[in-house]
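Okay, structure first, notes after.
Quick note: the coordinates plus some simple rules give every number you see, no bench work behind them. Values in this document were obtained by computation on a predicted structure and should not be read as measured data. Here Cβ is always computed from backbone atoms with ideal geometry, including for glycine, and neighbour counts include all displayed protein chains.
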Amino acid sequence: MKRVTVTGSKEYDIIIDRGLMKDVGRYAAEVVNPGKCAVITDDTVESLFAETVTESLKTAGFDPFMIVIPHGESSKNGEQFFRIMSIMAQQKLTRSDTVFALGGGVVGDLAGFSAASYMRGIHLVQIPTTLLAMVDSSVGGKTAIDLPEGKNLVGAFYQPDLVICDLAAADSLPEEVFADGSAEIIKYGMICDAELLGMLKDPIEGQLEEIVARCVSIKRDIVNEDERDTGIRQLLNFGHTPAHGIEKLSGYTIPHGHAVAIGMAMMTRACRPEFAQKLEKLIRSHGLPIETEFSPEQLIDAALSDKKRTGGSITLVLPDTYGTCILKKMQIEEIVPYFQKTKREV
Ligand SMILES: NC(=O)c1ccc[n+]([C@@H]2O[C@H](COP(=O)([O-])OP(=O)(O)OC[C@H]3O[C@@H](n4cnc5c(N)ncnc54)[C@H](O)[C@@H]3O)[C@@H](O)[C@H]2O)c1
């Protein structure tokens, strides 16, 4: 077992081990009052883990009720958000009660925003079940829902009370979904951890505990320094500006991690062609794409509707060495050269 403690505006632990689902209640009862609680999950995750988690909660003295959303990004919306608010009100959840977010990044973001909003904030325990949620979205307190106008446009910074990461959940992930998490892991390597990039030459499955702990520790350190995403935290957006464009243009049929992989490859081809092939090879070896059919013009258009723009300028994350990135604030017109290399050089 590994335990990583986050000490930002609020202190909380991330517990990492195999087989933690059956102990969720016990660990949660150490940090929140065992009382009424909402377990928010999606219909896929429900069939895998809901029974174990609710049994564990009951054993620890909690009184859980389930809220199940259809799986997929299209559920991260206002309609599901208000449905959750109403159910929690009908169930008479109080300010001292808890939301358990059991699922991937979609459930984590939606349930997190629900916990942040209901009665101006109730307790939140994240139980990530995808690799992406384990290494990234369950930690750091960003919660959000999407609008038709763009992803994550409504949300809050809201830290959980605890993150319980059962590595065994990764066993049932479809290959594509596992790969989405691999993209975020490669991202951590590229922004600040060349040694991690070396570890990724071997399959992630065999070194999962070490890799998850390493990634959340990096995120912890970055978030501790810049919780509100006005400075160094923006490094975590490596590849994400083109990625949000790719996701949007595809009507969200290209998943987040796949889009991030393409975005990282694009930025690296544009800035550091000398190690672009090495990164492309690594990305492809984890079952991820490195090219997009969308044109630079389409991508720039979509990227400019991205919320990370501030006034007439935008901050891009650019690779510097194989294992470090830098932030570069630039005028909108200046981003054009960084979006040109949508395909690999042949
Ligand atoms: N808050 C943050 O800091 C942050 C960071 C990165 C990404 N995100 C958000 O995360 C979302 C993507 O998250 P995701 O990739 O986890 O997608 P997801 O939550 O949609 O999960 C992907 C699919 O895997 C299924 N699934 C989940 N756990 C499973 C398991 N153990 N076994 C089998 N199937 C399982 C889900 O039902 C779903 O169909 C996006 O909305 C993105 O914006 C947020």
Q: At 0.36 nm per residue, minus the direct Cα-Cα distance, what do THR94 and ASP221 gain on full extension? Give it in nm, one decimal, please.
A: 42.4 nm
Q: Just need the relative contact order of the chain here, percent rounded to a whole number, with Cα pairs under 8 Å and 6+ apart.
A: 15 percent
Q) Going by a ≥ b ≥ c, the root eigenvalues of the Cα gyration tensor, does region 148-307 fall in the rounded group (a/c under 1.5), the prolate group (a/b larger than b/c) or the oblate group? A) rounded
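Efficiency by 1/(1 + (r/R0)^6): what FRET value for LYS10 and THR321, r their Cβ-Cβ distance, R0 = 35 Å, to the nearest 0.05?
After rounding, the FRET efficiency stands at 0.55.
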Q: Quick one: grab the alpha carbon gyration tensor of region 1-107, order the square roots of its eigenvalues as a ≥ b ≥ c, and give me rounded if a/c is under 1.5, else prolate or oblate depending on whether a/b is larger than b/c.
A: rounded
Q. Rounded to the nearest 500 deg cm²/dmol, what is the calculated helix-only ellipticity per residue at 222 nm for the chain, with -39500 (n - 2.57) per DSSP H run of length n ≥ 4?
A. -11500 deg cm²/dmol
Q: Quick one: what are the phi-derived ³J(HN,Hα) couplings along region 28-38, Karplus 6.51/-1.76/1.60 with θ = phi - 60°, whole Hz, x for glycine and proline?
A: 5, 5, 6, 10, 10, 5, x, x, 5, 8, 9
Q | Using a Förster distance of 25 Å, the FRET efficiency for GLU79-ALA156 (Cβ separation, nearest 0.05) | A | 0.85
Q. Between LYS36 and residues 5 or more places away or on another chain, which pairs have amide H atoms under 5 Å apart, with H built 1.01 Å from N, and which residues are they?
A. ASP63
(Q) Let me spell out the model: positive unit charges on the Cβ of Lys and Arg, negative unit charges on the Cβ of Asp and Glu, origin at the Cα centre of region 1-61. What dipole size does that give, in debye rounded to 20? (A) 260 debye
Q) Just how far, in whole angstrom, is region 205-249 from region 118-165 if you go by their alpha carbon centroids? A) 13 Å
Q. For region 1-93, with the dipole built from +1 on Lys and Arg beta-carbon atoms and -1 on Asp and Glu ones, taken about the Cα centre, which of VAL6, PHE81, VAL53 lies farthest toward the positive end?
A. VAL6
**Q.** Inter-site label distance for LEU147 and GLU291 at 7 Å from Cα along Cβ, in nm
**A.** 3.7 nm
Q | Dipole axis of region 278-346 (+1 Lys, Arg; -1 Asp, Glu on Cβ), positive-most option in TYR322, PHE339, GLY312 | A | TYR322
Q. Using Cα pairs under 8 angstrom and six or more residues apart, how large is the relative contact order of region 210-328, in percent?
A. 27 percent
Q | Residues in region 160-183 reached by a label modelled at ARG284 [backbone nitrogen below 19 Å; 7 Å Cα→Cβ] | A | 176, 179-180, 182-183
Q) For the modelled label position 7 Å from the Cα of ARG26 along Cα-to-Cβ, which residues of region 126-161 have backbone nitrogen atoms closer than 20 Å? A) 126-128
Q. Which value, in debye to the nearest 20, describes the size of the charge dipole of the chain about its Cα centre when Lys and Arg Cβ atoms bear +1, Asp and Glu Cβ atoms bear -1, and nothing else is charged?
A. 660 debye
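Rounded to the nearest 20 Debye, what is the dipole magnitude of region 246-346 about its Cα centre when Lys and Arg each give +1 and Asp and Glu each give -1 at the C-beta?
For this selection, approximately 280 debye.
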Q. Sequence-distant or interchain residues sharing an amide H contact under 5 Å with ILE326, placed H: which?
A. LEU318, ASP320
Q: Would you work out if region 129-173 is rounded, prolate or oblate? Take a ≥ b ≥ c from the square roots of the eigenvalues of the alpha-carbon gyration tensor; rounded if a/c is under 1.5, else prolate when a/b is larger than b/c, oblate otherwise.
A: oblate
